[in-house]
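Read the structure below first, then the notes.
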Amino acid sequence: MAREAAQETFAAAWSDGGVVVDVREPYEYATGHVPGARLMPLRTVAVRCGELPADRPVYVICASGNRSRTAADLMTSRGIDAYSVIGGTGAWARSGHPIAAGSREPAA
């Protein structure tokens, strides 16, 4: 079962430069995402887990928290310290946190 991170915990980790993975589809990501989030659609997580750090927490986010739980479970089973963000991007935006638009991902 995936561990979950409350919005407050996630916000603190994000402000400290935490690793954020958005598992929504590209069109969802383009409409609005957490600044700095890496796009990794859920269907690609199994083959892309090797791109993630194993030495620090990874915060997984989607629209509401359902897909992120699935992805965090998979990541955890592969040795990644993954946390599903409760409430997803929707709760992040409703809390007044910044949202970036567009399909451009952050530089690695």
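Only DSSP H runs of four or more residues enter the estimate; each adds -39500 (n - 2.57), and after division by the residues of the chain the mean residue ellipticity at 222 nm equals -9000 deg cm²/dmol. Heavy atoms of the protein chains alone define the surface here; on that basis region 1-106 has 49 Å² accessible area per residue at 1.4 Å probe size.
The modelled label-to-label distance between Arg48 and Ile99, using points 7 Å beyond Cα along the C-beta direction, is 2.1 nm.
A straight chain from Ala12 to Thr70 at 0.36 nm per residue would run longer than the Cα-Cα distance by 18.6 nm. The equivalent ellipsoid that matches the C-alpha gyration tensor of region 27-98 spans semi-axes of 21, 12, 11 angstrom, in descending order. Scanning the chain for trypsin sites (Lys or Arg not before Pro) in DSSP loops with at most 15 neighbouring Cβ atoms within 10 Å leaves 1-77 as the longest stretch between them. Of all DSSP-defined beta bridges confined to the chain, some 10% are antiparallel rather than parallel.
Report, to the nearest whole %, how much of the accessible area of the chain belongs to carbon and sulfur atoms, 1.4 Å probe, protein only. Of the solvent-accessible surface of the chain, carbon and sulfur hold 53 percent. Proximity of backbone amide H atoms, modeled 1.01 Å from N, is registered between Arg3 and Ser84 at under 5 Å, excluding neighbours fewer than 5 places apart on the same chain.
Sort His97, His33 from largest to smallest accessible area, using a 1.4 Å probe on the heavy atoms of the protein chains. Before the final figure, lay out the partial values.
Numbers: His97 60, His33 5 Å².
Highest to lowest solvent-accessible surface, that is His97, His33.
The values are calculated or read from the model by the stated rules, or taken from the named source; none is laboratory data. What you are looking at is a predicted structure, and each value in this text was computed from that prediction instead of being measured. Note: ideal-geometry Cβ built from the backbone for every residue, glycine included; neighbour counts use all protein chains shown. Protein only, heavy atoms only, side chains kept; ligands, DNA and RNA dropped before computing areas. Shrake-Rupley method; radii C 1.70, N 1.55, O 1.52, S 1.80 Å.
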